[in-house]
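The next block holds one structure in the form of structure tokens; read it before the comments.
The values are calculated or read from the model by the stated rules, or taken from the named source; none is laboratory data. What you see is a predicted model, and the numbers here were worked out from it, not measured in a lab. As a convention, Cβ positions derive from the backbone with ideal geometry for all residues, glycine included, and neighbour counts pool all protein chains shown.
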Amino acid sequence: MSVVQETSPAGRGLCFEDVIAPVSAEEFFAGYWERRHLILHRDDPAHYGPLFSFADVDRWIAASQGNPAELLLVVPPPGSGRKTERKRLRDVNLGQLYAAFHAGNTLVLEDIQKSWPPVAQLAASLAEAFSARVNVNLYMTPANAQGAPLHPDVQDVFVLQMDGVKDWYLYEQREEICLEGLTYLKELRTGIKPQREEPPLIDRTTLRQGDFLYIPRGLPHKAVAPVDSPSLHLTVCITPVSWVDFLKAAVEVASIDQPELARAVSPGFVNRPESREELAAQFADMLGRFAEAASYERTLHTIVRSRLQTPHYPADGHFAQLVRLGEIGLDTLVRRRAGMTPIVESGESGAVIRFAGSVVGGPAAMGPALGHIRDHEHFRVRDLPGLLDDASKAVLVRRLVREGLLRAEIDDTGEDTASQD
């Protein structure tokens, strides 16, 4: 499907809704997610604003070279006979990269969401929208060149064309989606087959600056920069929680009450028939133990908690908020920061809200207010429900701004920047 989009969010941080506009989130999840590809032609080169450009490549390398974990790939054209080179940024010679790009190699900057604030903000918004792990790679391809050969991906992919032009070819998907790391599932479904001919082409499109492409997991594709234009695009890889992940976590949680689930499988089951017979009975027993102890609520809580263990704060200039806490009043509009997904725990003894490795708590009377903060992306301070008086509401919001969960929408004049909620 192709759609033309006219409006642009340039000049502000991008969020999930901006990326897929004019398609709504509801339309996307109902009609495209894990189902079919989506192409958006916008005729708006400024749609992605100052997210990334050719001029930013040198800046990103300079800013990231001190980190030994940062990687860059030099990908030769398919059929060249040369292998992809993986380089640590601290070992990169820029002159060699200039020559490699000029010679027709695609340069791939990996995981730039870790070190480039505008992309980090976008990744945080997408991670929140999908409850998924999100990483972003940048592909810079010279004119008349191709990077990767025809292939499917094990993640769902968003392509954001940042500069130049790229031709994309999408092919018929003939195999079920498979999970990253579980390659044996592919063998169980289809067996080991010899290499087949190229599948039928189902769509072809040219992406220009500001355009968008969604490629569902498993859909074969390739991309080529045309003879008259180089290309720079962001590939956003989205790895959601699958039902396999959820059920695996459920078994792990159940093992707390059923420790037999954590015991070793009978030794020798691989090559001893008598062990395999015994194992069949044990397998049925373990399924029964799991069914008895399985808990949806505890599993959900565990998965959410596990995704909040590592602090992740968006690079959105939050220190400017900390010096203006005193300006927050009852009429102030506050917003949850991009990518921050809090969880609330309430009981007779008190209530706490957890986010990005931080915990803020108080008396049980704070529970309704914390629940409101969890469930609303933005709100006025005075609208917090429950038994808190006005002074306590302001204190709570200032605390959560200080701790990094919320930000107040106040401009340089001290006025509320939003005319309406």
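Condition first: among the hydrophobic types (A, V, I, L, M, F, W, C) and within 17 Å of residue 115 (Cα to Cα). Now tell me which residues in segment 61-91 satisfy that. Talk me through it step by step, then tell me what you get.
Quick first cut of segment 61-91, residues among the hydrophobic types (A, V, I, L, M, F, W, C) only: 61-63, 69, 71-75, 89.
Result: 61, 62, 63, 69, 71, 72, 73, 89.
I want to confirm something. Restricting to segment 407-419 and keeping residues that are closer than 15 Å to residue 330 by Cβ and surrounded by 19 or more Cβ atoms within 10 Å (Cβ to Cβ), which single residue is modelled with the lowest pLDDT?
Among residues in segment 407-419 that are closer than 15 Å to residue 330 by Cβ and surrounded by 19 or more Cβ atoms within 10 Å (Cβ to Cβ), the one modelled with the lowest pLDDT is 410.
Considering only helices (runs of 4 or more DSSP H) fully contained in segment 3-120, which possess at least 1 residues that are under 24 Å from residue 170 (Cα atoms), of a type outside the set (Ser, Thr, Tyr) and not assigned by TED's automatic domain parsing to the domain that holds residue 340? Walk me through how you get there before you give the answer.
Values: elements: 16-20, 25-31, 54-64, 94-102.
Fully inside segment 3-120 and qualifying: 16-20, 25-31.
Residue by residue through segment 227-247, note down the ones that are without any contact (Cβ under 8 Å) to a residue 60 or more places away in the chain and surrounded by 12 or more Cβ atoms within 10 Å (Cβ to Cβ). So that I can check it myself, show each step before the final result.
Initially, segment 227-247 is screened for residues without any contact (Cβ under 8 Å) to a residue 60 or more places away in the chain, giving 243, 245-247.
Of everything in segment 227-247, those that are without any contact (Cβ under 8 Å) to a residue 60 or more places away in the chain and surrounded by 12 or more Cβ atoms within 10 Å (Cβ to Cβ) turn out to be 245, 246, 247.
Hey, could you check segment 163-190 for residues that are under 16 Å from residue 214 (Cα atoms) and in a loop (DSSP other than H, G, I, E, B) and say which is modelled with the highest pLDDT? Don't jump to the end; show me each part of the working.
Going through segment 163-190, the residues under 16 Å from residue 214 (Cα atoms) turn out to be 166-173, 177.
After this cut, where a residue has to be in a loop (DSSP other than H, G, I, E, B) as well, the list is 172-173, 177.
Numbers: 172: 93, 173: 89, 177: 62.
My answer is 172.
Restricting attention to segment 29-45, report how many residues are in contact (Cβ under 8 Å) with a residue 60 or more places away in the chain and surrounded by 13 or more Cβ atoms within 10 Å (Cβ to Cβ). Explain how you work it out, then say what you get.
Applying the first criterion (in contact (Cβ under 8 Å) with a residue 60 or more places away in the chain) to segment 29-45 yields 32-45.
If we keep only those that are surrounded by 13 or more Cβ atoms within 10 Å (Cβ to Cβ) as well, we get 32-33, 36-42, 44-45.
Adding up the residues that qualify gives 11.
May I ask you to list pairs of residues, at least six apart or on different chains, whose Cβ atoms are under 7 Å apart, with the first in segment 130-141 being among the charged types (D, E, K, R) and the second being in a strand (DSSP E or B)?
133/239
Filter segment 318-364 down to residues that are among the aliphatic types (A, V, I, L, M) and within 29 Å of the chain's Cα centre (by Cα), then give me how many there are.
Start the filter on segment 318-364 by keeping residues that are among the aliphatic types (A, V, I, L, M), which leaves 320, 322-323, 325, 328, 330, 333-334, 338, 340, 343-344, 351-353, 356, 359-360, 364.
The next check asks that each one be within 29 Å of the chain's Cα centre (by Cα); those that pass are 320, 322, 333-334, 338, 340, 343-344, 352-353, 356, 359-360.
Result for segment 318-364: 13.
Take the conditions surrounded by 13 or more Cβ atoms within 10 Å (Cβ to Cβ), in contact (Cβ under 8 Å) with a residue 40 or more places away in the chain and either of a type in the set (S, T, N, Q) or farther than 25 Å from residue 400 by Cβ (or both) and apply them to residue 298. Does it pass?
Details: surrounded by 13 or more Cβ atoms within 10 Å (Cβ to Cβ): yes; in contact (Cβ under 8 Å) with a residue 40 or more places away in the chain: yes; either of a type in the set (S, T, N, Q) or farther than 25 Å from residue 400 by Cβ (or both): yes.
Against the criterion (surrounded by 13 or more Cβ atoms within 10 Å (Cβ to Cβ), in contact (Cβ under 8 Å) with a residue 40 or more places away in the chain and either of a type in the set (S, T, N, Q) or farther than 25 Å from residue 400 by Cβ (or both)), residue 298 qualifies.
Tell me yes or no: at least one residue of segment 102-112 is surrounded by fewer than 17 Cβ atoms within 10 Å (Cβ to Cβ), farther than 26 Å from residue 209 by Cβ and without any contact (Cβ under 8 Å) to a residue 40 or more places away in the chain.
The answer is no, given that none of the residues of segment 102-112 is surrounded by fewer than 17 Cβ atoms within 10 Å (Cβ to Cβ), farther than 26 Å from residue 209 by Cβ and without any contact (Cβ under 8 Å) to a residue 40 or more places away in the chain.
Is it the case that residue 274 is over 30 Å from the mean Cα position of the chain (by Cα), part of a helix (DSSP H, G or I), surrounded by fewer than 12 Cβ atoms within 10 Å (Cβ to Cβ) and in contact (Cβ under 8 Å) with a residue 12 or more places away in the chain?
On the way: over 30 Å from the mean Cα position of the chain (by Cα): yes; part of a helix (DSSP H, G or I): yes; surrounded by fewer than 12 Cβ atoms within 10 Å (Cβ to Cβ): yes; in contact (Cβ under 8 Å) with a residue 12 or more places away in the chain: no.
Criteria not met by residue 274.
Can you tell me which residue within segment 117-137, out of those that are modelled with pLDDT of 90 or more and of a type in the set (S, T, N, Q), is nearest to residue 245 (Cα to Cα)?
Residue satisfying both the conditions and the ranking: 135.
Tally up the residues in segment 136-162 that are polar (S, T, N, Q), assigned to a strand (DSSP E or B) and touching a Lys or Arg at 6+ places or on another chain (Cβ under 8 Å), please. So that I can check it myself, show each step before the final result.
Within segment 136-162, the first condition is being polar (S, T, N, Q), and the residues that meet it are 137, 141, 144, 146, 155, 161.
Among the residues that remain, those that are also assigned to a strand (DSSP E or B) are: 137, 141, 146, 161.
Filter once more, so that each one left must be touching a Lys or Arg at 6+ places or on another chain (Cβ under 8 Å): 141, 146, 161.
Residues in segment 136-162 being polar (S, T, N, Q), assigned to a strand (DSSP E or B) and touching a Lys or Arg at 6+ places or on another chain (Cβ under 8 Å): 3 in total.
Restricting segment 277-295 to residues that are among the acidic types (Asp, Glu) and farther than 18 Å from residue 250 by Cβ, which is surrounded by the fewest Cβ atoms within 10 Å (Cβ to Cβ)? Working first, answer last.
Start the filter on segment 277-295 by keeping residues that are among the acidic types (Asp, Glu), which leaves 277-278, 285, 292.
Subset that is farther than 18 Å from residue 250 by Cβ: 277-278.
Details: 277: 11, 278: 14.
Filtering first and then ranking leaves 277.
Can you tell me how many residues in segment 67-97 are within 25 Å of the chain's Cα centre (by Cα) and over 18 Å from residue 139 (Cβ atoms)?
Total meeting the criteria: 4.
Name, by its number, the condition in (1) modelled with pLDDT of 85 or more; (2) under 27 Å from the mean Cα position of the chain (by Cα) that does not hold for residue 367.
Evaluating residue 367 over (1) modelled with pLDDT of 85 or more; (2) under 27 Å from the mean Cα position of the chain (by Cα) leaves (2) as the failure.
Kindly state which helices (runs of 4 or more DSSP H) lie completely within segment 314-406 and contain at least 2 residues that are touching a strand residue (DSSP E or B) at 6+ places or on another chain (Cβ under 6 Å), surrounded by 14 or more Cβ atoms within 10 Å (Cβ to Cβ) and not assigned by TED's automatic domain parsing to the domain that holds residue 301. Talk me through it step by step, then tell me what you get.
Numbers: elements: 319-322, 367-375, 390-403.
The helices (runs of 4 or more DSSP H) meeting that bar are 367-375, 390-403.
Please pick out the residue among 14, 71, 51 that is closer than 19 Å to residue 236 by Cα and in contact with an Asp or Glu (Cβ under 6 Å, 6 or more places away or on another chain). Can you show your working first?
On the way: 14 fails: in contact with an Asp or Glu (Cβ under 6 Å, 6 or more places away or on another chain); 51 fails: in contact with an Asp or Glu (Cβ under 6 Å, 6 or more places away or on another chain).
Result: 71 is the single residue among 14, 71, 51 that is closer than 19 Å to residue 236 by Cα and in contact with an Asp or Glu (Cβ under 6 Å, 6 or more places away or on another chain).
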